[in-house]
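Asker: Encoded as structure tokens, here's the structure I'll be asking about.
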Amino acid sequence: MSNKEVGIKKMFDGIHKRYDLLNHLMSAGRDIAWRKKCCKKLLKYSGGVGKNAVVLDLCGGTGDFSLAYKKILGNPKLCLVGDFSDKMLLESVQKNAGTPVQMDATNIPLSDNSVDFILNGFGMRNIPNLDAAFAEAFRVLKVGGIFITLEFFKPSSTISKLFYEKIAPFAIPFAGMILSKHNAYRYLVLSILNFLTPKEYAIKARSFGFKTRCVKAFDGGLSYMVMAEKAEYAG
Ligand SMILES: C[S@@+](CC[C@H](N)C(=O)[O-])C[C@H]1O[C@@H](n2cnc3c(N)ncnc32)[C@H](O)[C@@H]1O
């Protein structure tokens, strides 16, 4: 792990207890709705394999994406919650979200072509070596498998620019400091402003052999879903 990754892991280890509460408070509960919307889209595109699927909740943290999957698509054959923060994973265990596996998203300990669906909620933005994470996601997915990203991307719409450039740099770190006594929420805003736009992310996904199935803005672009498929004829 690079020094930057060690720092990011330490940060999530430090906020694991209050992560869910702060997530729900700061998004006014919208994070729950966004994960559900992603799973509903996945249900539509999944070809009915939801219950027989092998699912990897990558950067799964406290497991909320896995829980949303189970609610909408039913219990899959195997649901792995993969994260490098053992503390975040402990929270997922308490919620019975899935099988916890401590892993680095840039070096996934699974075999090639073994996963039907990868869920990634607010994870990719935290990975310095994004290319390695894309390559690994592509490698472990089965052909036809779906990689679904729910993320706060670099703002590109009027509403998201107003929120992330003008309001969030003050409001989010302030609320984070009050509620969790942690400066992780300053990092959150910076990581959003320094990330890719949804369009740039979709282009990057395609450069790894993914076919973009759907790019959808939620709540005026505050968050986006990018659904990509490991294309049949990709190398
Ligand atoms: C913002 S949280 C998202 C948690 C959850 N997916 C959700 O929807 O709320 C990001 C998670 O990504 C994990 N993470 C960041 N970089 C990672 C990496 N390189 N490998 C594995 N997990 C990573 C963190 O430990 C953290 O639990």
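Asker: Given H placed on each backbone N at 1.01 Å, which residues far from F218 in sequence or on other chains put an amide H within less than 5 Å of it?
Answerer: S223, Y224, M225
Asker: Residue separation times 0.36 nm, minus the C-alpha to C-alpha distance between D86 and V49: what's the value?
Answerer: Gain in length upon complete extension: 10.3 nm.
Asker: Provide F218, F152, F174 in ascending order of the number of other Cβ atoms located within 10 Å of each residue's Cβ, fewest first.
Answerer: F174, F218, F152
Asker: Considering only the other residues whose Cβ falls under 14 Å of the Cβ of S2, what net charge follows from Lys and Arg at +1 and Asp and Glu at -1?
Answerer: 0
Asker: Based on the Cβ-Cβ distance of R18 and N194, what FRET efficiency does E = 1/(1 + (r/R0)^6) give at R0 = 22 Å, to the nearest 0.05?
Answerer: With a Förster radius of 22 Å, E is 0.35.
Asker: Report the full-extension gain for the segment S114 to V93: residue separation times 0.36 nm, less the Cα-Cα distance, to one decimal in nm.
Answerer: 5.3 nm
Asker: Compute the length gained on full extension between A217 and K36: take 0.36 nm times their separation in residues and subtract their Cα-Cα distance, giving the result in nm to one decimal.
Answerer: The A217-K36 span can extend by a further 63.8 nm.
Asker: What is the set of long-range amide H partners of F195 at a cut-off below 5 Å, with H atoms built 1.01 Å from backbone N?
Answerer: K154
Asker: Using θ = phi - 60° and the Karplus curve 6.51 cos²θ - 1.76 cosθ + 1.60, what whole-Hz ³J(HN,Hα) does each residue of region 214-228 get, with Gly and Pro shown as x?
Answerer: 6, 10, 10, 8, 10, 6, x, x, 5, 9, 9, 10, 10, 10, 10
Asker: Sticking with this one: In whole percent, what relative contact order does region 3-229 give with Cα contacts below 8 Å and a gap of six or more residues?
Answerer: 17 percent
Asker: Based on other C-beta atoms within 10 Å, arrange F122, F117 from fewest to most.
Answerer: Lowest to highest Cβ neighbour count: F122, F117.
Asker: Distance from the Cα centre of region 1-75 to that of region 179-218, in angstrom?
Answerer: One Cα centre to the other: 14 Å.
Asker: Which percentage, to the nearest 5, of the DSSP beta bridges contained in region 3-229 is antiparallel?
Answerer: Antiparallel bridges: around 45 percent, rounded to the nearest 5.
Asker: If you don't mind, another one. If you take all C-alpha pairs in the chain, what percent of them are over 27 Å apart?
Answerer: The answer is 28 percent, as a whole percent.
Asker: Of the trypsin sites (Lys or Arg not before Pro) in region 41-136, which ones lie in a loop per DSSP and count no more than 12 other C-beta atoms within 10 Å?
Answerer: K77
Asker: Now for a different question. Sort V140, V93 by Cβ crowding within 10 Å, fewest neighbours at the top.
Answerer: Ranked by crowding around the Cβ, least crowded first: V93, V140.
Every read-out reported here was derived from the displayed coordinates using simple, explicitly stated rules and does not represent laboratory data. Small disclaimer: the values here were computed from a predicted structure and weren't measured. Every residue, glycine as well, gets a Cβ built from its backbone with ideal geometry; the counts of neighbours run over all protein chains shown.
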